[in-house]
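These notes concern the structure reproduced below.
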Amino acid sequence: MTDNNFGRRLANRYELMDPIGQGSMGKVYLAEDMLLGGVPVAVKFLAQTLLNQQMNQRFMHEAMTCAQLGNNSMHVVRVTDYGVTDDEIPFYVMEYLKGKNLGQVIQPNPLPIPRFLDFIRQICLGLESAHKGIILNGQLVPIIHRDIKPSNILVTQSASVGELVKILDFGIAKLIQADNSEQTSSFMGTLAYASPEQMEGQELDRRSDIYSLGVMMYQMLTGSLPFRPSHNTFGGWYKAHCDQDPIPLDGLSPYGSLPKLLKDTIISCLAKDRSQRPSSVSDLLGNLAPLENRFGRSIDLGKQIRGTLQELPVVLRPAPPNDSEEDRFCRQQVWPKNKNTPVAEISFPKLLVMSNRQLPTLWAMLGAQEIDQRIGNTSSNNFLCVRNPYPMVLWVTAFYSKNQGPRWLSSYLDLKKNVNQKLIWHLGETGIYRVLFFAKEASNPFIDFRRLHVSLLQQKLLKEWVLMGRSIVPVGQPQDSKRVLRKELNDNLKPQMLMSFKAMHSDT
C-alpha cells in the first residue's frame, strides 16, 4: 500500500521517507533534514484518531519533555523541533537512531551480568534525569514515564560509549504538579510491566517506574517475566501484580547462578508496597555498585570519551596528489580580502561549495618559507567538544618535525551556527579535509595543500555533536566554553599529541 506521505516536505525543511515505527500516540517516519544537506531525522505525527485539544496538548508535552530531557541526558531520545502540518496535524522531529529495541536484543538470549549492568546503569541515568524533572512555567516538574518496557528502550552504537542505551516514548508520561487537574484514574501503561498502584489507578511517583524497571530487569537476565497471570487480561494482570509473588530467580539465567545481591535488588524493586522498593534510581544504582566493581564493567563515560581522543590519527608523510577535480578547485582559491581575515599567521575552517559537492577545508596563512618546510611534516588532527555552558567544538590540526617542533592550527566552531553545523557534518560524512596554505608575503598566493583524514571514531562523534548542538539550549556564553576548551587543549591535548609525534619520530 502506497504511503501518501512519502516525499512530503514539512516546514520547507523535513522531507519524509519511509515509516519506521509506531509510538503510543502516533506514527514515526524517517526523514531528511534538507537544511542540513539531508541529515537523517525521525518525525513523529500525532495519530489522526487522537486529534482533540487534550491529546494535542499531551503530544506537545511529550515533545517538550523529550527536548529538555534529551538536553539533560544522553540516555533520552532528543527532540529538536516541533510544528503543525498544513492540515493541522502536530508533529515533532527527533534524532534518528539506528539500532534495536531491548526486546529484540534479549529475544534470542538473556543478557550476561556485565552487559546487563552496563544497560541498567544507562537506563537509570535516563530515568534519573526524568525523575528530577523539567522546567515548566518557571517551575521544576518531575516526570514519571509510566511505560518502562523493553520496546521503549533503544540500544544503538556510539563512537564515544560503545553500546548507547536510550529511553523512548514519553507519550503517556505524567508531569507531577500540585495543581495537576489532568490526572485520571483510568489505566495507562502496559499490563505486563505496570505497578500495583498503576493497576489500581492510584497517584503515582517515581517508585512506579522502579517497579516497571524491576520487571524489565528480571526479563533481561532470564528471558521471562516474573509473574504468570491466569489470563492475558486486565483482571489477570491485576491479580498477578497485586497478589502473586515473583517467581524465584534461581536457575533461570543460562549463564549460571546469579549473585544474591543482584537477586535481592530485583526482588526489592518488585515489592507490592512501594515503600519497600528503592526510593530512587540513584539508590538502585548504589545497590548495584558492588556488582559493577566485581564484574569490572563500571563505566566512566568521561574516561571513555577521553579515550577516543587519544586515538590520534598520525600521518608520517603526505599522500601524493592525484590532481582530482576537488584538488584543482582548491588550487584556484584566493585569500579573502576583508577585515575578518587579516594578512597574518591565522587559520580558519571553510566549507567550499562546488557544483555537485561541498568540501570541508582548513585555510592557513604562514610564511612562504615555513610552508615549504611544513608541507611534508608529520600531521595529526583531533576534535574536542563541550555541550555546557555553550555547545562548542575545537578543531585542532598539527604539523610536526624534529627540527621545527609542532605547529598548531586551532579553530573554535560554534555549534549553534548553521554554517558550522554543515561544515562539521560534511567532515563527519567524508572523513577527509584539505589544509590550504597561503603565503603572508606579497599578494598572499595559494602555495599548496595537504589532504588529511579523520578517524572513523571521530567521524561518528562529529555527526553526534551536530545533532546535539541543534537541540541543546545554552546555559552560558560562547566565550565560556572557549575558555574550557582552551584549557583542555593546553593542559591535555597538546601534550598527548606532542608525545605521540615524538614517539613516531624516536627511531627516525
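Among the residues of segment 267-279, is there at least one that is surrounded by fewer than 16 Cβ atoms within 10 Å (Cβ to Cβ), closer than 28 Å to residue 108 by Cβ, without any contact (Cβ under 8 Å) to a residue 12 or more places away in the chain and not hydroxyl-bearing (Ser, Thr, Tyr)? Taking every residue of segment 267-279 in turn, none turns out to be surrounded by fewer than 16 Cβ atoms within 10 Å (Cβ to Cβ), closer than 28 Å to residue 108 by Cβ, without any contact (Cβ under 8 Å) to a residue 12 or more places away in the chain and not hydroxyl-bearing (Ser, Thr, Tyr).
Which residue out of 106, 120 is more than 13 Å from residue 76 (Cα to Cα), more than 20 Å from the chain's Cα centre (by Cα) and aliphatic (A, V, I, L, M)? Before the answer, list the steps.
Working: 120 fails: more than 20 Å from the chain's Cα centre (by Cα).
So the residue among 106, 120 that is more than 13 Å from residue 76 (Cα to Cα), more than 20 Å from the chain's Cα centre (by Cα) and aliphatic (A, V, I, L, M) is 106.
Go through the residues of segment 49-57 one by one and say whether even a single one is in a loop (DSSP other than H, G, I, E, B), within 21 Å of the chain's Cα centre (by Cα) and either within 13 Å of residue 91 (Cβ to Cβ) or touching a residue at least 60 places away in the same chain (Cβ under 8 Å) (or both). No, segment 49-57 has no match at all. Evaluating residue 140 against the criteria (1) part of a strand (DSSP E or B); (2) touching a residue at least 24 places away in the same chain (Cβ under 8 Å) leaves one unmet condition, (2). Every condition in (1) at pLDDT below 95; (2) closer than 23 Å to residue 478 by Cα; (3) not in a helix (DSSP H, G or I) holds for residue 376 except the one numbered (2). All told, residue 33 falls short of being among the acidic types (Asp, Glu) and modelled with pLDDT under 80. Condition first: under 27 Å from the mean Cα position of the chain (by Cα) and free of Cβ contacts under 8 Å to residues at least 12 places away in the same chain. Now tell me which residues in segment 58-87 satisfy that. The answer is 84, and nothing else.
Considering segment 175-225, and only residues there that are among the hydroxyl-bearing types (Ser, Thr, Tyr) and under 14 Å from residue 145 (Cα atoms), the residue that is modelled with the lowest pLDDT turns out to be 190. Among the residues of segment 82-93, are any surrounded by fewer than 22 Cβ atoms within 10 Å (Cβ to Cβ) and closer than 14 Å to residue 166 by Cβ? So far as segment 82-93 goes, no, none of its residues is surrounded by fewer than 22 Cβ atoms within 10 Å (Cβ to Cβ) and closer than 14 Å to residue 166 by Cβ. Only residues that are in contact (Cβ under 8 Å) with a residue 40 or more places away in the chain and surrounded by fewer than 18 Cβ atoms within 10 Å (Cβ to Cβ) were counted across segment 241-266, and they come to 4. Checking 415, 436, 427 one by one, the residue that is touching a Gly at 6+ places or on another chain (Cβ under 8 Å) and either under 30 Å from residue 92 (Cα atoms) or not assigned by TED's automatic domain parsing to the domain that holds residue 35 (or both) is 415 and no other.
Run down 394, 384, 436, 457 and say which single residue is in a helix (DSSP H, G or I), in contact with a helix residue (DSSP H, G or I) (Cβ under 7 Å, 6 or more places away or on another chain), touching a residue at least 40 places away in the same chain (Cβ under 8 Å) and within 29 Å of residue 505 (Cα to Cα).
Working: 394 fails: in a helix (DSSP H, G or I); 384 fails: in a helix (DSSP H, G or I); 436 fails: in a helix (DSSP H, G or I).
That would be 457, the only listed residue that is in a helix (DSSP H, G or I), in contact with a helix residue (DSSP H, G or I) (Cβ under 7 Å, 6 or more places away or on another chain), touching a residue at least 40 places away in the same chain (Cβ under 8 Å) and within 29 Å of residue 505 (Cα to Cα).
Here the condition is being among the acidic types (Asp, Glu), modelled with pLDDT under 90 and closer than 30 Å to residue 124 by Cβ; of 300, 323, 273, it holds for 300 alone. Report whether or not residue 492 is at pLDDT 90 or above and surrounded by fewer than 17 Cβ atoms within 10 Å (Cβ to Cβ). So residue 492 fails the test.
Listed here are the residues, each with its yes/no results for (1) surrounded by fewer than 18 Cβ atoms within 10 Å (Cβ to Cβ); (2) among the charged types (D, E, K, R); (3) under 22 Å from residue 333 (Cα atoms).
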residue: 356; (1), (2), (3): yes, no, yes
residue: 359; (1), (2), (3): no, no, yes
residue: 364; (1), (2), (3): no, no, yes
residue: 374; (1), (2), (3): no, yes, yes
residue: 380; (1), (2), (3): no, no, no
residue: 385; (1), (2), (3): no, no, no
residue: 393; (1), (2), (3): no, no, no
residue: 405; (1), (2), (3): yes, no, no
residue: 415; (1), (2), (3): no, no, no
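So for segment 403-417 (the condition being more than 23 Å from residue 350 (Cβ to Cβ), in a helix (DSSP H, G or I), at pLDDT below 90 and not aromatic (Phe, Trp, Tyr)), does at least one residue qualify? No, segment 403-417 contains no residue that is more than 23 Å from residue 350 (Cβ to Cβ), in a helix (DSSP H, G or I), at pLDDT below 90 and not aromatic (Phe, Trp, Tyr).
Within the option set 464, 429, being touching a helix residue (DSSP H, G or I) at 6+ places or on another chain (Cβ under 8 Å), surrounded by fewer than 19 Cβ atoms within 10 Å (Cβ to Cβ), in contact (Cβ under 8 Å) with a residue 24 or more places away in the chain and charged (D, E, K, R) holds for one residue only, 429. Among the residues of segment 446-458, how many are surrounded by fewer than 19 Cβ atoms within 10 Å (Cβ to Cβ) and at pLDDT below 90? Within segment 446-458, residues that are surrounded by fewer than 19 Cβ atoms within 10 Å (Cβ to Cβ) and at pLDDT below 90 number 3.
Against the condition in a loop (DSSP other than H, G, I, E, B) and closer than 26 Å to residue 466 by Cα, how does residue 12 come out, does it pass? Break it down stepwise before answering.
Working: in a loop (DSSP other than H, G, I, E, B): yes; closer than 26 Å to residue 466 by Cα: yes.
Here the answer is yes, as residue 12 does meet what is asked.
So which residues in segment 123-147 are closer than 13 Å to residue 281 by Cβ and more than 20 Å from the chain's Cα centre (by Cα), if there are any at all?
Residues of segment 123-147 that are closer than 13 Å to residue 281 by Cβ, as a first pass: 123-132, 142-145.
Result: 142, 143, 144.
Taken over segment 127-160, the criterion of being surrounded by fewer than 20 Cβ atoms within 10 Å (Cβ to Cβ), out of contact with any helix residue (DSSP H, G or I) (no Cβ under 6 Å at 6 or more places or on another chain) and over 29 Å from residue 461 (Cα atoms) is satisfied by 136, 137, 138, 139, 140, 141. Just one of the listed residues (82, 92) is touching a Ser or Thr at 6+ places or on another chain (Cβ under 9 Å) and either among the charged types (D, E, K, R) or not in a helix (DSSP H, G or I) (or both), and it is 92.
Within segment 249-277, restricting attention to residues that are assigned to a helix (DSSP H, G or I) and of a type in the set (D, E, K, R), the residue that is farthest from residue 224 (Cα to Cα) is 274.
The values are calculated or read from the model by the stated rules, or taken from the named source; none is laboratory data. All figures in this text were calculated on a predicted structure; none of them were measured in a lab. Neighbour counts run over all protein chains shown; Cβ positions are idealised from the backbone, glycine included.
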